[in-house]
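Quick one: the structure is below, questions incoming.
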There are 2 protein chains.
Amino acid sequence: MATRISSFSLFLFILVSYTSGLLNPRSLKNLPRGNSESSYEYQTLYFKQPIDHFNFESNVTFSQRYLLNDAFWDKDNGGPIFFYCGNEGDITWFANNTGFVWDIAPEFKALVVFAEHRYYGNTLPFGAESYANLSTLGYLTSEQALADFVLLINDLKGKYGDVPVVAFGGSYGGMLSAWIRMKYPSVVVGSIAASAPIWQFPGLCDCGKANEIISSTMSQYSTNCYNNVLSSWDIINKTGTTSGGLSLLSTTFSLCQPLKDSLTLMSWLQDVWFNLAMMNYPYPANFMEPLPAWPLNVTCQKLSQTFTTEDDDIKLLQALSTAMQVYYNYSGQSSCLDLNKESSTDLGAKGWSYQYCTEMAMPMCSKGGDNDAFPKQQWTVNNYVKNCQDSFPGIQPRPYWIEKVYNGKNISAFSNIVFSNGDLDPWSAGVVLDNISDSLIAVIINDGAHHLDLREANPMDTDSVKAARNIHKDNINKWIGGYKKMAEAY
Amino acid sequence: MATRISSFSLFLFILVSYTSGLLNPRSLKNLPRGNSESSYEYQTLYFKQPIDHFNFESNVTFSQRYLLNDAFWDKDNGGPIFFYCGNEGDITWFANNTGFVWDIAPEFKALVVFAEHRYYGNTLPFGAESYANLSTLGYLTSEQALADFVLLINDLKGKYGDVPVVAFGGSYGGMLSAWIRMKYPSVVVGSIAASAPIWQFPGLCDCGKANEIISSTMSQYSTNCYNNVLSSWDIINKTGTTSGGLSLLSTTFSLCQPLKDSLTLMSWLQDVWFNLAMMNYPYPANFMEPLPAWPLNVTCQKLSQTFTTEDDDIKLLQALSTAMQVYYNYSGQSSCLDLNKESSTDLGAKGWSYQYCTEMAMPMCSKGGDNDAFPKQQWTVNNYVKNCQDSFPGIQPRPYWIEKVYNGKNISAFSNIVFSNGDLDPWSAGVVLDNISDSLIAVIINDGAHHLDLREANPMDTDSVKAARNIHKDNINKWIGGYKKMAEAY
């Protein structure tokens, strides 16, 4: 079995690595599908930004969207600003899925702001042409996004007074919230960086760790689940070598369109396992898909049978298909499985591909066999560069740039950041897991998935996530207190 | 008298402010003239840099020059790297005028590196075309320069091991050395930022303070000197209104070319007073010009007569002309005074003009009358922008950007920077004059001019500059010790 996986995986590796059409950078979040869970009230506002903060040749500007709520804000005593650093997607979705900020805003009498990241949602610097070519895309970088946030905060301080600003962010937004505190500490007094894999970069991480974490969770839920997932790749690959086999796969998985190659299905399945692990919350949620409580467990339980003989292969595939419905059809709304839905060509996904292919070179690999339940897939800088240059002809990826510009692992000189992480979250492979100093704090949420702590309070919340949120609040209080003390000293 | 100065000054103000040809941003240092004072040994090396660190579209690179000496370096025990952040000029000049680094390198067993700033000296990204237009100039920013230093240091660490790197810099180089520690603390353990006016920016400083400092020093040397300088502007202006008067000025000041307007002479004189104050060292030096010890005092003593009547005007001009020879003809090499020599069109000066007109908008003004000995000259953002757009058509100056990108006055979150300043230095108007924290330290050098502490040890050194250098060494020791302790902990 190991040999078969290995040879098949090499094939997969070659295909995945050298076929630009299959280039599939792991977005920290895929784009939202369906409705958001909660809905909060805010004004939708726009702020004029220069397209290029780092050059003085162009007078092109664009409108950055941001959401603002001042209902809780203590104007008289200079309540703080809670500033969410927008991710690679529509900011309204993040606003509606970051209930923690809304939950605590009244207690802190805070002004709430959610700022959209350039090139996502409604913040398209060149409108429909934003993704037209490398020239229009050239201003889509984390450095430009941080500078946008800095100017916006500066503008807000002009309007609301020199009040303390606390940065929040989850996932890529969490990375931005950590980085804005590092680079611009005059602008934010501290940052809650939830599930922020700032070290998921070449040379700083083990690219296989994320899939190990998923696999380990699967294994805890059901050893058979782990084994069946591990077996599934080989079976799908083998089945997909004939047209009859492809038809069988199409039927078994109730695909909306006939399958043309098994890799498409395998790629989708890997995404699903990854997403189930990210969204493995202790209660039903509708973050990326409507899902039950502990969706990875629920899915795994549907794959907990023992399949021993080769004749069982079709049964395993059927069980896998049934299990997958937990992900794509939990609410029973789908009559068939549309594999293309996930890898949509919407701007958000393309934006992240561009970011991945320039500076956000976040490696992701799997080793297969005893290590994890996934087909062996290498990630090498050379292949990364080649694939990216195929996808974006003329692009100049610099996979080691993020390490240099954001100080890699040597960040002890910075302060006032809480790095929170769920131990079930695959992205915890690239996060800060240990305290670095008194004010660079790592918080581990047991049984926590992707930035669970940023979600709104829920009766099913674990003690661990409640404790994490209390740590956040304690630190926010400390940062605000420190700011006010400093202000009084002047 | 006050009224006359005032009306004349308004005229001057209008001319200076609206005539792009007279745009004269105050360079932190004008470019070297003549030979350097000391000569140290180093290899001249080059490092390949991307032209644009903040965009991924271009594969253009250029060769950054740097000077390296490993004669003192303790290879076996990982001696530190002393890294000088190059200013707006030829790096060999800075290497030869920064004796302090060379003086202490043996004691610290340090590798010495002087890195040239892009667009200066031999580091011309597009060769002779570097200054061709706004597109070629577009990569001349402090952010790009810092990123150059970061990549170069990274390369050096690859070659010499993960040793502690201490940043040094004086003037603009001092600003860069402070900023590199702020933005990239993983790269340098600490910085000696000598005479670094990081706050000489709109909204952060009093633009008249620098000229006040010069005037106050003049006044201490000789009240008559102050009064005569104050009177001189009006006399020159008045004399220059007729062609006969211009001839008289040309003769009196032994000009190489006939004077076409009095403003040219006045502008040159202001530069000279500024430079004399910057170079007011306690011993003869040849930094920008060969000068005697305490050159501002020597010059002032030649203007210490009393001139009372209008008939004395010509005598005052003659005395001023004689005094000026201290500056331009101390070594007796000049047969005439070439006013164009200072405002040369060499690349260095043009580079600084571009930097001034984009982000390095360092305001400089004078108030005249009782405040300072200079003609009243306003500095306003509007005029700055207009003048810059006249000088560089199409440019988009952002005078408040530096405050935002480098955190303005709120830098207490950073660490390990010594800001040293001479109290006679006009640039001390824009520096950090008070300790900000235990590790952001201000050192004032009494009777010190522009980064006196970075110069090589001299028998005439004051106790104050010796003390400053000891503070530097203590801090460098502390930073290196901290780095080694941290390295051992891992």
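The values are calculated or read from the model by the stated rules, or taken from the named source; none is laboratory data. Being a predicted model, the structure only gives us computed values, none of them experimental. Virtual Cβ from ideal backbone geometry, glycine too; neighbours counted across all protein chains shown. Surface areas here come from the heavy atoms of the whole protein model, side chains and all, with no ligands, DNA or RNA. Shrake-Rupley method; radii C 1.70, N 1.55, O 1.52, S 1.80 Å.
Along the Cα→Cβ direction, 7 angstrom out, place labels at A:T251 and A:T322. What is the inter-label distance in nm?
1.8
Taking 7 Å along the Cα-to-C-beta vector as the label spot, tell me the B:T61-A:V381 distance in nanometres, rounded to one decimal.
The modelled label-to-label distance comes out at 1.2 nm.
Placing the label point 7 Å from Cα along the Cα-to-Cβ direction, what are the distances from A:T306 to the equivalent spots in the other copies, shortest first, in nm to one decimal?
Values, ascending and in nm: 11.6.
Would you tell me which residue of chain B has the beta carbon closest to the rotation axis bringing chain B onto chain A, and how many whole Å away it is?
Closest to the axis: B:F54, 2.
Of the cross-linked pairs A:K404/B:K350; A:K386/B:K159; B:K209/B:K302; A:K209/A:K376; B:K109/B:K484; B:K109/B:K157, which ones have a Cα-Cα span greater than 19 Å in the structure shown? All intermediate terms of the calculation are to be shown ahead of the outcome.
Details: A:K404/B:K350 31 Å; A:K386/B:K159 27 Å; B:K209/B:K302 25 Å; A:K209/A:K376 13 Å; B:K109/B:K484 15 Å; B:K109/B:K157 16 Å.
Checking Cα-Cα distances, A:K404/B:K350; A:K386/B:K159; B:K209/B:K302 exceed 19 Å.
In nm, what does the list of distances from B:G203 to its counterparts in the other copies look like, shortest first, when each label sits 7 Å along Cα to Cβ?
Between copies, matching label points for B:G203 lie 3.6 nm apart.
Post the alpha-carbon centroid distance, the range B:172-187 to the range B:55-104, in whole angstrom.
Spelled out, the Cα-based centre of one part sits 14 Å from the other.
List every residue whose amide H lies under 5 Å from the amide H of B:I445, counting only residues 5 or more places away in sequence or on a different chain, with H placed 1.01 Å from N in the peptide plane.
B:N421, B:G422, B:D423
Whenever you get a sec, compute what percent of the accessible area on the protein assembly as shown sits on carbon and sulfur atoms (1.4 Å probe). Numbers along the way, then the final one.
Numbers: 17140 of 34460 Å².
Percent of accessible area from carbon and sulfur atoms in the protein assembly as shown: 50.
Using a 1.4 Å probe and ignoring any ligands, DNA or RNA, find the accessible area of A:M175 and quote it in Å² to the nearest 10.
Rounded to the nearest 10, that gives 0 Å².
Now, a different point. Per residue Cα convex hull volume for chain B, in cubic angstrom?
Working: hull volume 68.8 nm³, N = 490.
Convex hull volume per residue, Cα atoms: 140 Å³.
Moving on to the next point. If R₀ is 51 angstrom, what is the calculated FRET efficiency for the pair B:N435 and A:N122, using the beta carbon separation as r and rounding to 0.05?
Numbers: r = 47 Å, r/R0 = 0.91.
Taking R0 as 51 Å, the efficiency between B:N435 and A:N122 is 0.65.
Just for the protein assembly as shown, what percent of DSSP beta bridges are antiparallel, to the closest 5? Spell out each step's value before the answer.
Numbers: 34 of 84 bridges.
So the antiparallel bridges in the protein assembly as shown amount to around 40 percent.
Related question: Compute the distance from the alpha-carbon center of the range A:395-447 to that of the range B:251-278, in whole Å.
Using only Cα atoms to place each centre, the spacing works out to 57 Å.
Taking the Cα atoms only, what angle lies between the long axis of helix B:262-278 and the longest principal axis of chain B, rounded to 10 degrees?
The helix B:262-278 is inclined about 40 degrees to chain B.
Now, a different point. In sequence order, what are the phi-derived ³J(HN,Hα) couplings for the range A:189-194 according to the Karplus relation 6.51 cos²θ - 1.76 cosθ + 1.60 with θ = phi - 60°, rounded to whole Hz, with x for glycine and proline?
7, x, 9, 9, 10, 8
What list of ³J(HN,Hα) values in whole Hz, one per residue of the range A:411-427 in order, does the Karplus curve 6.51 cos²θ - 1.76 cosθ + 1.60 (θ = phi - 60°) give from phi, with Gly and Pro shown as x?
My calculation for the range A:411-427 gives 10, 5, 6, 8, 8, 6, 10, 9, 9, 10, 8, x, 6, 8, 6, x, 5 Hz in order.
Let me ask something else about it. Between B:S412 and A:S216, how high is the FRET efficiency from 1/(1 + (r/R0)^6) when r is the Cβ-Cβ distance and R₀ = 56 Å? Nearest 0.05. Write down the numbers at each step before the final one.
Numbers: r = 43 Å, r/R0 = 0.77.
With a Förster radius of 56 Å, E is 0.85.
Here's another thing I want to ask about it. Measuring nothing but label to label, 7 Å from Cα along Cα→Cβ, what are B:K478's distances to the other copies in nm, shortest first?
Distances between equivalent label points, in nm: 2.3.
In Å² (nearest 100), what accessible area is buried between B and A, both sides summed, heavy protein atoms only, 1.4 Å probe? Walk me through the intermediate numbers first.
Values: alone 19070 and 19030 Å², together 34460 Å².
Buried: approximately 3600 Å² between A and B.
Per-residue ellipticity at 222 nm for chain B, helices alone: DSSP H runs ≥ 4 residues times -39500 (n - 2.57), over residue total, nearest 500 deg cm²/dmol?
Details: 16 runs with 201 residues, N = 490.
Using -39500 (n - 2.57) per qualifying helix, the result is -13000 deg cm²/dmol.
Applying 1/(1 + (r/R0)^6) with R0 = 41 Å to the Cβ-Cβ distance of A:Q333 and B:N133, what FRET efficiency is obtained, to the nearest 0.05? Kindly include the intermediate steps, with their values, before the conclusion.
Working: r = 58 Å, r/R0 = 1.41.
E(calc), rounded to 0.05, equals 0.10.
What figure in square angstrom, to the nearest 10, would you give for the accessible area of B:V189 with a 1.4 Å probe?
Accessible area of B:V189: about 10 Å².
What's the extension gain from A:Q301 to A:I444 if we count 0.36 nm per residue and subtract their Cα-Cα distance?
Details: separation 143, 0.36 × 143 = 51.48 nm, distance 2.61 nm.
Full extension of this stretch gives 48.9 nm more.
Which residues belonging to the range B:400-431 lose at least 50 Å² of 1.4 Å-probe accessible area when the assembly is complete, relative to their chain isolated?
B:W401, B:K404, B:N407, B:N410, B:A413
Over the range B:100-180, with the other protein chains present, what is the accessible area per residue in square angstrom, probe 1.4 angstrom?
22
Here's a follow-up. Residue by residue, what Karplus-based ³J(HN,Hα) values in Hz, rounded to whole numbers, does the range A:458-463 have, using 6.51, -1.76 and 1.60 with θ = phi - 60° and x for Gly and Pro?
9, x, 8, 4, 6, 4
Quick one: net charge around A:I51, please, counting Lys, Arg +1 and Asp, Glu -1 for every other residue with C-beta under 11 Å from its C-beta. List each step's numbers first, then the result.
Details: positive: A:K48, A:R118; negative: A:D52, A:E57, A:D148.
Result for the local shell: -1.
Please give, to one decimal in nm, the separation of the simple spin-label points placed at A:R398 and A:T44, each 7 Å out from Cα toward the Cβ.
The modelled label-to-label distance comes out at 3.6 nm.
Per residue, how large is the accessible surface of the range A:373-453? Use a 1.4 angstrom probe and give square angstrom.
Working: 2660 Å² over 81 residues.
That works out to 33 Å² per residue.
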